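Following: one structure in structure tokens, then a few remarks.
The values are calculated or read from the model by the stated rules, or taken from the named source; none is laboratory data. Quick caveat, the model's predicted, so the values are computed rather than measured. Cβ sites come from the backbone with ideal geometry, for glycine too, and all protein chains shown count toward neighbours. These area figures cover heavy atoms from the full protein model, side chains too; ligands, DNA and RNA do not enter into them. Shrake-Rupley method; radii C 1.70, N 1.55, O 1.52, S 1.80 Å.
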Amino acid sequence: MKETTQLIDIPAKSLDAWLKNKICDPRWNEWEWQISQRITRIGQMPPLSWLTKTKESELKNVCERFPMAITPYYLSLMNLDDPDDPLLKQALPSTQEMLSEATSFEDPLNEEANSPINGLTHRYPDRVLFVVTNSCAVYCRHCTRKRLWGKGREKILTKTEIQGGLDYIMRHPEVKDVLVSGGDPLLLPTSLIDYLLQGIRKIPHVEIIRICTRVPVVMPQRIDRHLLDVIEKYGPVWLNTQFNHPNEITEKSAASCDLVLRRGIPVSNQTVLLKGINDSPEIIKKLNRQLLKIKVRPYYLFQCDPVTGTEHLRTNISTGIQIMDCLRGYISGLGVPQFVVDLPGGGGKVPLQPQYIVSQTEDRIIFRNYEGKLFVHNEPFVRKP
Ligand SMILES: *Cc1c(COP(=O)(O)O)cnc(C)c1O
């Protein structure tokens with residue numbers, strides 16, 4: 001493990017007394033403790049030298065609308081002296097969340113209109129998205145389901161509601177792949193995860209189950225033996241997580257992915273492209289290289305959805321395409337994800353690529369390669385009769 005992971009140490013200089021005290025707590029490695037010790041109010045944050053009193057009271061207002069939660073673990077990875085710290089920016093509310101722009105929407109992907117039953121979105125022919133809770137270990141400021149946060153009131157589907165979803169899937173033999181998502185499904189009690197996965201696995205036409213979770217990144221303590229014993233029973237299961245920045249790859253997060261991998265559960269990553277956080281080729285390249293070292297496959301690079309309260313974190317489409325251009329050829333193909341935009345209104349995901357075809361006729365295509373050099377490709381010769 002050691003030689004394959006780059007250890008990112010806790011930034012010592014910004015460790016205030018509060019955090020030092022937490023890290024020394026004997027329960028640091030228990031996920032229930034991490035949950036109970038979360039920072040959910042601005043006033044609980046360790047002192048931020050750069051935060052003025054006025055700004056602080058503005059942030060309290062933001063929390064009224066869009067709640068906050070930060071685990072002590074995730075907080076320990078931040079440099080709190082830097083207001084632009086890439087992890088801090090993903091978790092600390094911003095006054096910009098209150099600006100309502102005409103370009104963003106509560107539910108841009110129309111998940112609710114495409115929902116035949118509470119919690120389920122059935123958009124593609126062969127797979128469904130099953131949102132089983134609205135709660136998360138950390139509330140990412142860029143969340144695509146910010147509308148579900150429900151003023152901090154955490155909701156978990158009841159067994160009856162879960163059964164409703166299972167019945168729907170049962171009635172739809174075309175469904176081969178069930179994405180269990182949220183919120184974060186791994187925040188459910190382990191016994192309920194067992195109930196849910198068992199119910200899905202009993203449906204004969206379901207081939208794979210995907211667990212979409214950010215706990216390896218924000219609360220790796222959740223990946224414990226008991227949980228893995230449960231998940232392992234219902235394979236084939238795939239796990240998709242969301243590392244957005246190299247600073248999130250720590251010895252602890254790497255070890256949690258390793259535990260999952262060792263149970264025969266492939267781990268893939270879905271990065272969200274975020275302005276001022278990871279929107280540069282250097283950062284994404286470094287992130288993806290480090291992901292490969294911990295055997296996590298970069299699957300998607302997401303254009304940030306136009307969700308109300310996240311507009312300040314969105315980049316232009318061209319930024320993502322340019323990043324893709326800087327990856328291809330310069331990093332192992334395994335480290336090149338697909339850059340996708342989820343179309344507004346529920347059109348689904350569309351992959352975007354740099355243009356490699358320079359010109360095209362019936363007989364030949366002129367390509368540029370990753371370095372910008374031109375190459376001619378001849379189409380198959382067709383002999384005239
Ligand atoms: C993203 C998504 C999926 C899964 O898409 P893949 O391209 O197979 O990863 C399924 N359903 C919904 C509603 C989605 O948004």
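Structure data summary
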read-out	value
Net dipole in debye of the chain [+1 Lys, Arg Cβ; -1 Asp, Glu Cβ; about Cα centre; nearest 20]	500 debye
Percent accessible area from carbon and sulfur atoms, the stretch 21-113, protein chains only, probe 1.4 Å	48 percent
Dipole of the stretch 115-164, positive direction: furthest Cα of 157, 129, 142, with charges on the beta-carbon	142
Isotropically averaged projected area of the stretch 265-385, using the convex hull of Cα atoms (one quarter of hull area), nm²	11.3 nm²
Neighbourhood charge, 15 Å Cβ-Cβ cut-off, centred on residue 276 and excluding it, Lys, Arg +1 and Asp, Glu -1	-3
Whole-angstrom Cα spans of the stretch 88-182 along principal axes, big to small	46, 28, 19
Value of [θ]222 nm, deg cm²/dmol, for the chain, DSSP H segments ≥ 4, -39500 (n - 2.57) each, nearest 500	-8000 deg cm²/dmol
Accessible area in square angstrom per residue, the stretch 108-202, 1.4 angstrom probe	41 Å²
Most mobile of 28, 50, 149 in a GNM of the chain (Cα contacts under 10 Å)	50
Value of Rg/Rh across the stretch 17-92 [Cα atoms, Kirkwood radius]	0.96
Solvent-accessible area per residue, Å², over the stretch 259-385 with all protein chains present [probe radius 1.4 Å]	54 Å²
Mean-position separation - Cα centroids, the stretch 321-385 and the stretch 207-271, in angstrom	31 Å
Most mobile of 60, 176, 20 in a GNM of the chain (Cα contacts under 10 Å)	20
1.4 Å probe accessible area per residue over the stretch 17-92, in Å²	48 Å²
Charge dipole magnitude, Cβ of K and R +1, D and E -1 - the stretch 17-92, Cα centre, debye nearest 20	200 debye
Lys, Arg +1 and Asp, Glu -1 on Cβ, resulting dipole of the stretch 82-161 about Cα centre, debye, nearest 20	340 debye
Listed residues 114, 36, 47: farthest to the positive end of the dipole of the stretch 22-116 (Cβ charges)	47
Mean separation of Cα contacts under 8 Å (6+ apart) over length of the chain, as relative contact order %	16 percent
Gyration tensor over alpha-carbon atoms, the chain, equivalent ellipsoid semi-axes in Å	34, 28, 22
With every protein chain in place, the stretch 202-336: carbon and sulfur % of accessible area (1.4 Å)	52 percent
Residue of 375, 243, 302 that the Gaussian network model of the chain assigns the largest fluctuation, springs spanning Cα pairs under 10 Å	375
Surrounding net charge for residue 113, when Lys and Arg each add one and Asp and Glu each subtract one, Cβ distance under 14 Å	-2
